[in-house]
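In what follows, a structure is listed as structure tokens, so that the remarks can point back to it.
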Amino acid sequence: MPDGSARSRKKGVTLTEILISIVILGLIMGAVLGLFFAIVKHLEQSNDITTAQQRGEMVLTALGPKILAAGVGMSKSASFDQFSTLASPDIWSAAVMVSGDKELTVVYSVPTEAFASGETTLESSDVSVSLIGAIPPASELKKQPTAAAGWVVFPATGVALAVNDDTPQTNPLVLTPKGNGKIYDRDRLHLVRAARFSINNEKWFIMSDLRPTVPHKIVEGIADVRFQKPDAKSLSVWVLARGSTRHDSEITGATLPDWPFGSIQSEDRHYRLKVVQRTWGLRNQ
């Protein structure tokens, strides 16, 4: 029968076995760390692209209500000359206009909580329109034809009306019609507004209220935006949005398949980019 020292020698671990175990453990840890860093990098890329996607969608969300309300209550056949005091150009061709494919101007209407009480025939002279409901405050409705707040419409009428009332927050409301027609009972009063959309040098998407001109920064990180009207009844918008991280080297190519407007600027190539596109039907053109 073997003695105790022999049994101890059989249970011992050699230096070679220890080294092999360390090497195997190192290989396993290296693989785990490599996988970990790959997952982290993938998550960073995914989050960056998601940020760019969200920024592009935010631009379209800001545009949507204005575009859908463009021309509501305004005559489809009008030249929009009545709005020449609201913004340039001096002669309006439509409620939605594109300038050089990088600037969009929209004349739209905003519903109020006031409704016409009874019918009113519109001719060339001023009319007094009785209203029910909450009349907009002085900051939104005033006698000032050179300001957006000085114009209103009723959707079923299709005629623009200038406010000609020194106290438009009282009832009835005195208006000067820019055409013939009829205001119908319970038709909702809408306020005429105009806005211009573009991006500035700081890569912010800007909405500028017109007359008076008040710019608002809406969405940051917008590399480019393009507007096109393929016909009078539709508007297409492309948004090139950045992720939130700027990289030292260029990580995006000079062109993208979804961006049909030529080369992307060198500075923008240091960001992950996402193209978001939408086309709206213009219902009131």
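Pairs linking a residue in the range 59-88 that is in a helix (DSSP H, G or I) to a residue that is modelled with pLDDT under 55 and surrounded by fewer than 18 Cβ atoms within 10 Å (Cβ to Cβ), with Cβ atoms under 7 Å and 6 or more positions apart or on different chains, are 81/91. Is at least one residue of the range 264-274 under 17 Å from residue 222 (Cβ atoms) and in a strand (DSSP E or B)? Looking for residues that are under 17 Å from residue 222 (Cβ atoms) and in a strand (DSSP E or B), one finds at least one in the range 264-274, hence yes.
Among the residues of the range 228-273, those that are in contact with a His (Cβ under 9 Å, 6 or more places away or on another chain) and over 18 Å from residue 56 (Cα atoms) comprise 247, 248, 249, 250, 251. The single condition among (1) surrounded by fewer than 20 Cβ atoms within 10 Å (Cβ to Cβ); (2) within 17 Å of the chain's Cα centre (by Cα) that residue 222 does not meet is (1). The residue of the range 99-113 that is farthest from residue 188 (Cα to Cα), among those that are at pLDDT below 90 and surrounded by fewer than 20 Cβ atoms within 10 Å (Cβ to Cβ), is 100.
Can you confirm whether the range 138-148 contains a residue that is among the hydroxyl-bearing types (Ser, Thr, Tyr), in contact (Cβ under 8 Å) with a residue 40 or more places away in the chain and surrounded by 18 or more Cβ atoms within 10 Å (Cβ to Cβ)? Can you show your working first?
To start, the set of residues in the range 138-148 that are among the hydroxyl-bearing types (Ser, Thr, Tyr) comprises 139, 146.
Next, from what is left, pick out any that are in contact (Cβ under 8 Å) with a residue 40 or more places away in the chain: 146.
Narrowing the set further to residues that are surrounded by 18 or more Cβ atoms within 10 Å (Cβ to Cβ) leaves none.
Within the range 138-148 (the criterion being among the hydroxyl-bearing types (Ser, Thr, Tyr), in contact (Cβ under 8 Å) with a residue 40 or more places away in the chain and surrounded by 18 or more Cβ atoms within 10 Å (Cβ to Cβ)), the answer is no, since none of the residues qualifies.
Remark: pairs (first residue in the range 209-235, more than 30 Å from residue 254 (Cα to Cα); second residue of a type in the set (S, T, N, Q); Cβ separation under 7 Å; 6+ apart in sequence or on different chains) = 211/85; 211/146; 214/208; 215/208; 232/285; 233/285. The residue that is nearest to residue 198 (Cα to Cα), among those in the range 245-276 that are exposed (fewer than 15 other Cβ atoms within 10 Å of the Cβ) and among the polar types (S, T, N, Q), is 265.
Out of the range 201-219, which residues are surrounded by fewer than 13 Cβ atoms within 10 Å (Cβ to Cβ) and in a strand (DSSP E or B)? Don't jump to the end; show me each part of the working.
So in the range 201-219, the residues surrounded by fewer than 13 Cβ atoms within 10 Å (Cβ to Cβ) come out as 201-202, 212-214, 216-217.
Scanning the range 201-219 gives 214, 216, 217.
Note on the range 120-133: residues that are loosely packed, with under 12 Cβ neighbours inside 10 Å and part of a loop (DSSP other than H, G, I, E, B) total 3.
Looking only at the range 11-67, how many residues end up being of a type in the set (Gly, Ala, Ser) and surrounded by 11 or more Cβ atoms within 10 Å (Cβ to Cβ)?
So the answer is 6.
The values are calculated or read from the model by the stated rules, or taken from the named source; none is laboratory data. What you are looking at is a predicted structure, and each value in this text was computed from that prediction instead of being measured. As a convention, Cβ positions derive from the backbone with ideal geometry for all residues, glycine included, and neighbour counts pool all protein chains shown.
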